[in-house]
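The values are calculated or read from the model by the stated rules, or taken from the named source; none is laboratory data. The structure presented is a predicted model; accordingly, all values stated were derived computationally and were not measured. Reconstructed Cβ throughout: ideal geometry from the backbone, glycine too, with neighbour counts over all protein chains shown. To get the accessible areas, we keep the full protein, side chains included, count just its heavy atoms, and leave off ligands, DNA and RNA. Shrake-Rupley method; radii C 1.70, N 1.55, O 1.52, S 1.80 Å.
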Amino acid sequence: MNKADSEEYKKKKQFLTKILTIYGRKPVLEALLNADITAHRLHLSESNKAAKILDEITDLANKKNIEIRHHSKEALSRISKNKKQDQGVALDLHMRNFLMVESFVENPPPRFDIIALDCVTNPQNVGMIIRSIAASPATAILLPNQGCAKLDALVIKASAGALFKATIIRCDTLNGGLQQLLKIPSNIIGLDLSANRKLSDVQYERSVFVLGNESEG
């Protein structure tokens, strides 16, 4: 891969990192009605039967100049990744608050506190954690693609909309993300209920706090 191809690949990866696909007629309609959410592309199943809510979704997409694509039912299920609940509708959102861990490492702030999630598999828990962190002084959330709950309608609902506001740093695996952050360098700290030190005792300029999962964290 030459330098030009490498840069093109990097730009494409950065773009894809900022894309969040939601599904279901009501969640998609609510997203299109929200002026703070930027939609990129609307996906509709060719098998959809006429319905008022589908007309509303299509009209909103047209008014906002959002690209509309029609797919077979099987192709749409590959986009939504939830054939049973997508109801023939999916929407790609452009999340300005999402970034790759590599991008964060390239230009880190002088001070930061990041909460890294380790195998938190319950979508409602992920949503509530995002909501709590968004309301706290924490800088961002490190959310791995592997091992944690996928960002979907359940996470959005549990976060009470905070998913669209909190800074979300994406990485493929937690270990890979932490290795990247160590390049800054950062202080990696595990959270443990039985620990002797309190959170308030930890005062570093650049800290990453690893929050474990529901049963073995």
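Could you tell me which of the pairs Lys18/Lys64; Lys73/Lys165; Lys13/Lys157; Lys52/Lys83 are separated by over 23 angstrom between their Cα atoms in the structure shown? Over 23 Å Cα-Cα: Lys73/Lys165; Lys13/Lys157.
Modelled label positions at Thr38 and Ala160, each set 7 Å beyond Cα in the direction of Cβ, lie 2.7 nm from each other. Considering only Met95, Ala75, Thr58, the residue lying farthest towards the positive end of the dipole of segment 36-104 is Ala75, judged by Cα position with unit charges set on Cβ. The angle between the Cα long axis of helix 52-63 and the longest principal axis of the Cα atoms of the chain comes to about 70 degrees, rounded to the nearest 10. Among the listed pairs Lys150/Lys198; Lys11/Lys81; Lys63/Lys84, those whose Cα-Cα separation exceeds 27 Å are Lys150/Lys198; Lys63/Lys84. Shown for segment 97-185: the carbon plus sulfur share of the solvent-accessible area, taken with all protein chains present and a 1.4 angstrom probe, equals 53%. Take the chain and mark each of the GluC sites (Glu not before Pro) that is in a DSSP loop with at most 15 other Cβ atoms within 10 Å; the longest unmarked stretch, sites excluded, is 47-204. Compute the acute angle (0 to 90°) between the alpha-carbon long axis of helix 3-17 and the principal axis of greatest extent of the alpha-carbon atoms of the chain; round to the nearest 10°. For 3-17 against the chain, the angle is about 80 degrees. Among residues other than Glu102 with Cβ under 15 Å from its Cβ, the summed charge is +4 (Lys and Arg +1, Asp and Glu -1).
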